[in-house]
């Protein structure tokens with residue numbers, strides 16, 4: 001009888017540990033999916049940053065928004081309007 005109680009106790013402990021391991025496994029998979037998604041977002045942001053830090057992009061923004069011109073360019077102003 002004593003051994004039966006011990007075996008049942010061990011069975012309960014082992015089954016609880018198996019359930020906990022399954023739960024941790026699912027949590028690990030969810031965390032890994034989140035990490036993968038964040039890595040993808042980080043890569044996209046890095047590519048966007050690199051594109052916006054290129055000389056041609058900076059020049060385009062300076063021309064369009066700030067009206068900058070190059071030193072060798074000639075500007076014609078039309079006062080007819």
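Between residue 72 and residue 23, the simple spin-label model (points 7 angstrom out along Cα→Cβ) gives 7.1 nm. Dividing the summed -39500 (n - 2.57) terms of all DSSP H runs of n ≥ 4 by the residue count of the chain sets its mean residue ellipticity at 222 nm at -28000 deg cm²/dmol. Each label was represented as a point 7 Å from its Cα along the Cα-to-Cβ direction; for residue 65 and residue 4 these points are 8.1 nm apart.
Taking springs between alpha-carbon atoms closer than 10 angstrom, which of 26, 47, 66 fluctuates most in the Gaussian network model of the chain? So, out of 26, 47, 66, the one fluctuating most is 66. Cβ-Cβ distance of residue 34 and residue 12, R₀ of 30 Å, FRET efficiency by 1/(1 + (r/R0)^6): the value works out to about 0.35. What angle, in degrees between 0 and 90 and rounded to the nearest 10, separates the Cα long axis of helix 2-52 from the longest principal axis of the Cα atoms of the chain? On a 0 to 90 degree scale, this one is about 10.
I need the fraction of alpha carbon pairs in the chain separated by more than 20 Å, rounded to a whole percent. Distances greater than 20 Å cover 70 percent of the Cα pairs. Helix 55-66 and the longest principal axis of the C-alpha atoms of the chain enclose an angle of approximately 60°. Which FRET efficiency value, to the nearest 0.05, is calculated for residue 80 and residue 47 with the Förster distance at 25 angstrom and r the Cβ-Cβ distance? Efficiency at R0 = 25 Å is approximately 0.05.
No lab work stands behind these numbers, since they all come straight from the coordinates. Keep in mind that this is a model prediction, so the values were computed, not measured. In this analysis, Cβ positions are derived from the backbone assuming ideal geometry, glycine residues included, and neighbour counts consider all displayed protein chains.
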